[in-house]
Amino acid sequence: MRSWYSLINAFAANGQGVDGLMFVEEMRRLGLQPNAETFLSVFMTCASAGAVKEGLLHFWSVRIEYGIAPGIEHHLGVIDVLRKAGFLYES
């Protein structure tokens, strides 16, 4: 799982959010379960790609689909997704 997290994080850090989101979808396709740390990279990737809808969907899936209690860092990740897409009021 660590290697997936690292790949997704690297794409986000280098402004290649769309490619990072492709890796997230590949994880799902393979049935791999992301952990709380992986979702932080997912939010960075969504922010990098300007993918607000995907960011919000992933935020809700943290608890509903994967049973992970979102921490403050997850909430901040979603705020960053909204902020970078220009939705300051909504964040």
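From the list V81, V24, V62, V52, the one residue that fits, being at pLDDT below 90 and aliphatic (A, V, I, L, M), is V24.
Okay, residues lined up against (1) over 17 Å from R2 (Cβ atoms); (2) under 11 Å from the mean Cα position of the chain (by Cα):
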residue	(1), (2)
V24	no, yes
L32	no, no
S61	yes, yes
G67	yes, no
L76	yes, no
D80	yes, yes
R83	yes, no
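Taking first residues from the range 27-43 that are more than 16 Å from W60 (Cβ to Cβ) and partners that are of a type in the set (V, I, T) and assigned to a loop (DSSP other than H, G, I, E, B), the Cβ contacts under 9 Å between residues at least 6 apart in sequence or on separate chains come to N35/I68. The number of residues in the range 61-77 being within 19 Å of L32 (Cβ to Cβ) and exposed (fewer than 12 other Cβ atoms within 10 Å of the Cβ) comes to 2. The residues on offer are V42, V52, and the sole one that is under 16 Å from S3 (Cβ atoms) and surrounded by 14 or more Cβ atoms within 10 Å (Cβ to Cβ) is V42.
The values are calculated or read from the model by the stated rules, or taken from the named source; none is laboratory data. The shown structure was predicted, so the numbers you read here are calculated from the model rather than taken from an experiment. Here the Cβ is made from the backbone with ideal geometry for all residues, glycine too, and neighbour counts use every protein chain on show.
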